[in-house]
1. For LEU180, state whether it is within 14 Å of the ligand (Cβ to nearest atom) and in a helix (DSSP H, G or I).
2. Given the conditions (1) more than 21 Å from LYS217 (Cα to Cα); (2) in contact with a Gly (Cβ under 7 Å, 6 or more places away or on another chain); (3) not aromatic (Phe, Trp, Tyr), report the number of the one that GLY63 does not fulfil.
3. List the residue pairs whose Cβ atoms are under 6 Å apart, where the first residue sits in the stretch 63-86 and is without any contact (Cβ under 8 Å) to a residue 40 or more places away in the chain, the second is assigned to a strand (DSSP E or B) and open to solvent by 10 Å² or more (accessible area, probe 1.4 Å), and the two are 6 or more positions apart or on different chains.
4. If we only count helices (runs of 4 or more DSSP H) wholly inside the stretch 192-292, which ones have 3 or more residues that are surrounded by 14 or more Cβ atoms within 10 Å (Cβ to Cβ) and within 14 Å of the ligand (Cβ to nearest atom)?
5. Could you tell me whether any residue of the stretch 110-121 is in contact (Cβ under 8 Å) with a residue 60 or more places away in the chain, surrounded by 14 or more Cβ atoms within 10 Å (Cβ to Cβ), under 22 Å from THR149 (Cβ atoms) and more than 9 Å from the ligand (Cβ to nearest atom)?
6. Just give me the residues in the stretch 76-106 being in contact with a helix residue (DSSP H, G or I) (Cβ under 8 Å, 6 or more places away or on another chain) and either outside the structural domain of ARG21 (by TED's automatic domain parsing) or away from the ligand (no atom under 15 Å from the Cβ) (or both), in sequence order.
7. Is the stretch 19-35 home to any residue that is assigned by TED's automatic domain parsing to the domain that holds TYR143, open to solvent by 20 Å² or more (accessible area, probe 1.4 Å), farther than 18 Å from LYS217 by Cα and more than 8 Å from the ligand (Cβ to nearest atom)?
Amino acid sequence: MSIRFDDKIAIVTGAGGGLGREYALELARRGAKVVVNDLGGDRTGTGASDAAQQVVAEIEAAGGVAMANGASVTEYEQMAEMVARAKEAWGGVHILINNAGVLRDKTFTKMDPADFEFVVRVHLLGSAYATKACWDTFREQNYGRVLMTASSTGLFGNFGQANYGAAKLGLAGLTKTLYLEGAKNNIKVNTLAPVAGTRMTEELFPEALFKAFDPAKVMPAALYLVSENAPTNQIVGAGAGVFQASYVTLTQGALLTGDDLSPEGVEAHWAEITDRSGEIVPDSGAGQSMVIGKKLQGG
Ligand code: NAI
């Protein structure tokens, strides 16, 4: 059955180019009314342009429905106003793709604290603000689909991106609590870690690979994850047509008592503590306490 978004209103942040533009175009092709948000700055978040307006023009030329929004995700009031405008024009908001992002790469040694703060502000606070601005509407409608954009840097690390990585893993953490809080109102929240040839990565990819990693090849994961039958609380990787799942896991661990309940005991039992056989994927923080409880009961 084909996935459609008729009668759905979607907001895509940072949709003036790159991945966000792909998501916005395809959501509109499949029937959604789309708010194309973008500040239109450069890769570091500096400056402004009419990037969002251009994507709206593309959508309209293809017969779709869209509105441009030039707000910054870093300003909660602007996010609230964006949501209010969408509701005023179209009567609701059902889908939010938190995609806006910037880079200010440097080794941690050389990183200015202001650049750490700015990158966390755009990715982590920006996604939290846009989501918060939609949240009551999602609850009232008993329908909401939220996608956070993480990154392999956040999940696994990358030299020179401490600020970006911290923000990106924070988004996976945000997903893990919002999915719990949204469940009873049919709000599903997922995390995507894309790999794509965009202006953000153009210096990293040789030309042939840049083309192979066309953002259009990430789009199917993003759209599935905000669709009616989307899963929830998933971390999905997507790049060049390869789709993956990533997990935060927990080992069974070791119960240490007596003399072993000491730093030396942790050292001595390190292999057992880190042994991955019997590893689980907790579906909430309570999972950790349950494993501990089982250990205490001799399980
Ligand atoms: P991009 O630079 O083309 O897109 C990011 C967009 O966000 C830009 O259009 C920019 O103007 C907009 N933006 C920046 N600050 C904003 C703000 N305060 N308010 C509203 N819009 C703002 O780069 P790309 O690659 O399309 O990135 C999209 C998302 O995917 C980002 O969150 C990025 O961190 C993430 N990502 C991309 C990867 C890749 O391989 N391209 C890898 C991992 C994550």
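The values are calculated or read from the model by the stated rules, or taken from the named source; none is laboratory data. Just so we're clear, the structure is a prediction, and the values are computed from it rather than from any experiment. Glycine gets a Cβ as well: all are built from the backbone with ideal geometry, and neighbour counts include every protein chain shown. To get the accessible areas, we keep the full protein, side chains included, count just its heavy atoms, and leave off ligands, DNA and RNA. Shrake-Rupley method; radii C 1.70, N 1.55, O 1.52, S 1.80 Å.
1. Values: within 14 Å of the ligand (Cβ to nearest atom): no; in a helix (DSSP H, G or I): yes.
No: the conditions fail for LEU180.
2. So GLY63 meets the others, but not (2).
3. Going by the 6 Å Cβ cut-off, the qualifying pairs are VAL65/LYS33.
4. Working: elements: 207-212, 219-225, 263-268, 270-273.
Because the criterion is at least 3 residues that are surrounded by 14 or more Cβ atoms within 10 Å (Cβ to Cβ) and within 14 Å of the ligand (Cβ to nearest atom), the helices (runs of 4 or more DSSP H) in the stretch 192-292 that meet it are 219-225.
5. Here is the first cut: in the stretch 110-121, the ones in contact (Cβ under 8 Å) with a residue 60 or more places away in the chain are 118.
From the residues that got through so far, the ones that are surrounded by 14 or more Cβ atoms within 10 Å (Cβ to Cβ) too are 118.
Okay, now just the ones that are also under 22 Å from THR149 (Cβ atoms), so 118.
So of that shortlist, the ones also more than 9 Å from the ligand (Cβ to nearest atom) come out as 118.
Yes; the residues of the stretch 110-121 include at least one that is in contact (Cβ under 8 Å) with a residue 60 or more places away in the chain, surrounded by 14 or more Cβ atoms within 10 Å (Cβ to Cβ), under 22 Å from THR149 (Cβ atoms) and more than 9 Å from the ligand (Cβ to nearest atom).
6. Let us first name the residues in the stretch 76-106 that are in contact with a helix residue (DSSP H, G or I) (Cβ under 8 Å, 6 or more places away or on another chain), namely 76, 79-80, 82-83, 87, 92-106.
Scanning the stretch 76-106 gives LYS87, GLY92, VAL93, HIS94, ILE95, LYS106.
7. Yes: the stretch 19-35 contains one or more residues that are assigned by TED's automatic domain parsing to the domain that holds TYR143, open to solvent by 20 Å² or more (accessible area, probe 1.4 Å), farther than 18 Å from LYS217 by Cα and more than 8 Å from the ligand (Cβ to nearest atom).
Conditions tested, residue by residue: (1) of a type in the set (Asp, Glu); (2) touching a His at 6+ places or on another chain (Cβ under 6 Å); (3) buried (at least 18 other Cβ atoms within 10 Å of the Cβ).
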position: GLU75; (1), (2), (3): yes, no, no
position: ARG85; (1), (2), (3): no, no, no
position: GLU88; (1), (2), (3): yes, no, no
position: GLY91; (1), (2), (3): no, no, no
position: ALA128; (1), (2), (3): no, no, yes
position: VAL146; (1), (2), (3): no, no, yes
position: PHE159; (1), (2), (3): no, no, no
